[in-house]
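Participant: First, the structure itself, so that you have it in front of you.
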Amino acid sequence: MPPGSTRPTSRDVAQAAGVSQAAVSLVLGDKWRGRVSEPVAERVRQAARQLGYRPNLAARNLRLGHTRTVLLVVPALTTEFFAGVYTGAARIAADHGFGVVLYPSPEGVGPARDPFHSAQAALDGVIASSMAADALTAIHGDQLPLVMLDSDPEGSPGAATVNLDITDGVRQVAEHLLGLGHRHFLHLAADIPSWTFRIRAQELAARLGTVPGTTLRTTRAPISIEDALTAAETALAAPGPRPTALVCDDDKLAAGAYKAARRLGLRIPDDLSVTGLDDLALATAIDPELTTVRLDAELFGERGMEALLAVLEDRTPEQRDIPVELVVRGSTAPPRQ
């Protein structure tokens, strides 16, 4: 094409090759065999190369009813965990010619406005955290191919679920603290109505309940350092025997617990052992460094995208939970005798 000319079209290719536009579509869409001769197909390809023609894939996908776009619905991006989930999902998506749009629920949890005029027209599928499940109603995401992350496999609205083995993570925390000799526990639970936090509480109570002489109290807080500080300070200052181990649902809650312990004159881990869950960068920024459960956020995102691709291709997604790992650092020690 001469300098300054417009982008070549399939009509230009057809004229240069001396064929119809339908023949150009068949050849460049790789659907020509048995319908167009080999010499004609080669003539079309050569004309396209000479003209520098590239098919408009966006328009083609819209005509076919596919945009190759996936929506990832997560809570508000208050930690790097869901950024890691996005990174993993986007990596697998790119390998398969898909793009991922990240949509954080504005309030963290709860309903969200539809980010598209019509989600069903703009998207091929949705991957959603159970912590932002209410947002699906607003965007009609539950009417699209849907994969749920951190969701009850028995009651999920999705075609597939992908879970971290949170139950095993809590079991590892409990066994670590019991092995150190702790018997009096406080659970600083996330005040979020989500399956992933319900199973943490259930597994902790079940595991501690198997050991005679253990006690377990629970206090709740939204996932913020200041809210955790308030809740932990109140619970630790309450009348009765003070817990020697504080199990937190999240590393940010643990950071708030650190501040509460210092306000009360308690030393970690001498007077109080503290554990978290996530292994955020925060876990090694506080002193002493936090014993916590490492969750592989990027692998979580990768598995979520792989599951959605399987659903879109009518295959059965892999149903195996993603392993987690207890990382023991300086915030846990045997209780004082």
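Participant: Tell me, yes or no, whether segment 242-250 has at least one residue that is among the β-branched types (Val, Ile, Thr) and open to solvent by 20 Å² or more (accessible area, probe 1.4 Å).
Facilitator: Taking every residue of segment 242-250 in turn, at least one turns out to be among the β-branched types (Val, Ile, Thr) and open to solvent by 20 Å² or more (accessible area, probe 1.4 Å).
Participant: Would you check if there is a residue in segment 48-60 being of a type in the set (D, E, K, R), more than 20 Å from the chain's Cα centre (by Cα) and at pLDDT 85 or above?
Facilitator: Checked segment 48-60: at least one residue is of a type in the set (D, E, K, R), more than 20 Å from the chain's Cα centre (by Cα) and at pLDDT 85 or above.
Participant: Under 29 Å from Asp279 (Cβ atoms), open to solvent by less than 60 Å² (accessible area, probe 1.4 Å) and at pLDDT below 60: which single residue out of Gly88, Gly110, Gly65 fits that description?
Facilitator: Result of the check over Gly88, Gly110, Gly65: Gly110.
Participant: Please work out if Arg171 is touching a residue at least 24 places away in the same chain (Cβ under 8 Å), charged (D, E, K, R) and in contact with a strand residue (DSSP E or B) (Cβ under 8 Å, 6 or more places away or on another chain).
Facilitator: So Arg171 does not fit the description; no.
Participant: Take the residues of segment 319-336 that are modelled with pLDDT of 95 or more and polar (S, T, N, Q): which is least open to solvent (accessible area, probe 1.4 Å)?
Facilitator: Top of the filtered list is Ser331.
Participant: Can you pull out every residue in segment 286-318 that is polar (S, T, N, Q) and either modelled with pLDDT of 95 or more or part of a helix (DSSP H, G or I) (or both)?
Facilitator: Thr291, Thr292
Participant: Quick check, is Asp168 modelled with pLDDT of 95 or more, surrounded by fewer than 22 Cβ atoms within 10 Å (Cβ to Cβ) and either under 19 Å from the mean Cα position of the chain (by Cα) or under 25 Å from Leu299 (Cβ atoms) (or both)?
Facilitator: Taking the combined requirement at face value, the residue satisfies it.
Participant: Hey, any hits in segment 187-203 for a residue that's touching a strand residue (DSSP E or B) at 6+ places or on another chain (Cβ under 6 Å), surrounded by fewer than 18 Cβ atoms within 10 Å (Cβ to Cβ) and part of a strand (DSSP E or B)?
Facilitator: No, segment 187-203 contains no residue that is touching a strand residue (DSSP E or B) at 6+ places or on another chain (Cβ under 6 Å), surrounded by fewer than 18 Cβ atoms within 10 Å (Cβ to Cβ) and part of a strand (DSSP E or B).
The values are calculated or read from the model by the stated rules, or taken from the named source; none is laboratory data. These numbers were taken from a predicted model, which means no experiment stands behind them. Because the Cβ atoms are built from the backbone with ideal geometry, glycine has one as well, and the counts that use them run over all protein chains shown. Ligands, DNA and RNA are stripped out before the accessible areas are found, and what is left, the full protein with its side chains, is counted by its heavy atoms. Shrake-Rupley method; radii C 1.70, N 1.55, O 1.52, S 1.80 Å.
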